[in-house]
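S.K.: First the structure, which I've put down as structure tokens, then a few questions once you've had a look.
The values are calculated or read from the model by the stated rules, or taken from the named source; none is laboratory data. Every value quoted in this text rests on a predicted model; they were computed, and no experiment measured them. Cβ atoms come from the backbone with ideal geometry, glycine included; neighbour counts cover every protein chain shown. Calculation scope for accessible area: heavy atoms of the full protein, side chains included, ligands and nucleic acids excluded. Shrake-Rupley method; radii C 1.70, N 1.55, O 1.52, S 1.80 Å.
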Amino acid sequence: MAGDRFTPDFDPDFGDAPLTSARQDIVIGRWQGLRELLRATGPDWAVRGHRVRLLAPACAGNSTVESWLAAEPRSADALVLRAATDVARAFNVAIAAGRGVPIDQQRIDRAVLACLQAAEAYPDDPTPWISLISVARLYPTGVRRRELGRWWDELHARDPYSMEGHLQILHYYSSRWHGTHGLMYDFARDAAGVAPPGCALPVLVQFARVEEYRYVLDGAKGQRDAVVGLGQHWNHDAAVNDVRRTWERWITARPEGPVAPEEVRDLNHLTHAACYAGAADIAEALFGMIGRRASRMPWSCTGDPEREFVRWRERPSRGV
């Protein structure tokens with residue numbers, strides 16, 4: 001029956017109902033919902049990072065966070081969110097300008113200053129350091145290695161297994177920004193190697209594979225058939241071994257319990273990788289974990305995200 005057709009849920013908040021409520025408050029300019037959400041989140045850094053990451057783009061288009069700061073200028077939570085929002089605004093300008101077009105460095109400098117002010121206001125919070133590492137990508141030549149290392153040390157001291165923090169460094173080291181494919185993969189594998197059992201960091205290797213694919217495809221102007229060997233990008237021996245290694249290190253040792261909103265994006269990356277690697281057993285188990293909860297990336301890399309998610313869910317062992 002048509003009514004029984006499976007449809008994935010691309011909820012931008014990944015099922016985080018309090019976050020959705022706060023996002024709705026942003027639309028009407030009500031900052032109190034943001035204050036209540038971040039106060040309730042407390043020092044759960046994984047959840048806090050997830051929420052700030054998704055709130056910042058929503059705040060970037062209006063003055064809600066500025067209204068909060070005007071009312072409570074000493075609020076550490078407001079300063080942390082303002083920093084992330086300034087970073088989101090800088091990226092919006094860069095996206096509008098187009099790849100390779102430099103933007104006003106003063107805008108980047110202001111975002112950096114906001115991050116440092118937030119870090120000073122909330123010394124225990126790793127989130128401002130994540131924002132800082134993120135905006136560093138926008139400098140045309142990046143930042144000095146010593147400076148990036150210092151920022152990384154500050155983040156690592158506060159949350160050594162921060163998925164979002166590691167992901168920002170991975171992007172920085174990618175060929176798209178200020179590194180190479182090799183440097184990016186080395187970082188991902190090193191992080192995976194020191195992660196404790198049950199930690200999500202091994203999935204960084206799957207994020208790296210998506211990043212490489214996008215870079216190569218961009219260079220071919222979206223023409224997949226024009227790139228020799230691109231069809232084997234996901235299913236050569238190393239890619240398949242990486243999928244199984246991530247499954248063993250992360251999922252088999254992950255504590256029992258429902259999937260949290262902050263895990264949905266990462267699980268989708270591993271699920272996508274397992275499908276394209278031909279690891280049907282892993283893909284089937286992962287689809288069972290995530291249910292309908294889908295993230296547009298990485299499915300959008302290989303086609304229409306809804307059709308991709310549905311077809312692989314129905315036949316996870318299907319060939320590429």
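S.K.: Report, by residue number, each residue of region 22-48 that is farther than 26 Å from Leu167 by Cα and not in a helix (DSSP H, G or I).
M.R.: Ile28, Gly29, Arg30, Trp31
S.K.: Just one of (1) at pLDDT below 95; (2) of a type outside the set (Lys, Arg); (3) on the phi > 0 side of the Ramachandran plot trips up Gly198, so point out which.
M.R.: (1)
S.K.: Let me ask something else about it. Of Arg48, Arg30, which residue is at pLDDT 95 or above and closer than 27 Å to Phe287 by Cα?
M.R.: Arg48
S.K.: If a residue must be open to solvent by less than 60 Å² (accessible area, probe 1.4 Å) and either β-branched (Val, Ile, Thr) or within 22 Å of Leu54 (Cα to Cα) (or both), how many such residues does region 281-308 contain?
M.R.: The qualifying residues number 11.
S.K.: Additional query: When both residues are 6+ apart or on different chains and their Cβ atoms are under 8 Å apart, which pairs have a first residue that lies in region 223-245 and is farther than 9 Å from Ala277 by Cβ and surrounded by 11 or more Cβ atoms within 10 Å (Cβ to Cβ), and a second that is basic (Lys, Arg) and modelled with pLDDT of 95 or more?
M.R.: His233/Arg209
S.K.: Separate question: Considering only region 269-280, I want to know if a residue exists there that is open to solvent by 40 Å² or more (accessible area, probe 1.4 Å) and of a type outside the set (Gly, Ala, Ser).
M.R.: Checked against the condition, which is being open to solvent by 40 Å² or more (accessible area, probe 1.4 Å) and of a type outside the set (Gly, Ala, Ser), region 269-280 yields no hits at all.
S.K.: I would also like to ask the following. Of Arg107, Arg137, which residue is open to solvent by 70 Å² or more (accessible area, probe 1.4 Å) and more than 19 Å from Ala78 (Cβ to Cβ)?
M.R.: Testing whether each residue is open to solvent by 70 Å² or more (accessible area, probe 1.4 Å) and more than 19 Å from Ala78 (Cβ to Cβ) leaves just Arg107.
S.K.: Can you name the condition, by its number, that Trp151 falls short on among (1) open to solvent by 20 Å² or more (accessible area, probe 1.4 Å); (2) outside any loop (DSSP other than H, G, I, E, B)?
M.R.: (1)
S.K.: Kindly indicate which of Arg99, Arg89 is over 21 Å from Leu54 (Cβ atoms), open to solvent by 10 Å² or more (accessible area, probe 1.4 Å) and among the basic types (Lys, Arg).
M.R.: The match here is Arg99.
S.K.: Looking at (1) farther than 26 Å from Trp45 by Cβ; (2) touching a residue at least 12 places away in the same chain (Cβ under 8 Å), which one does Glu66 not meet, given that it meets all the others?
M.R.: (1)
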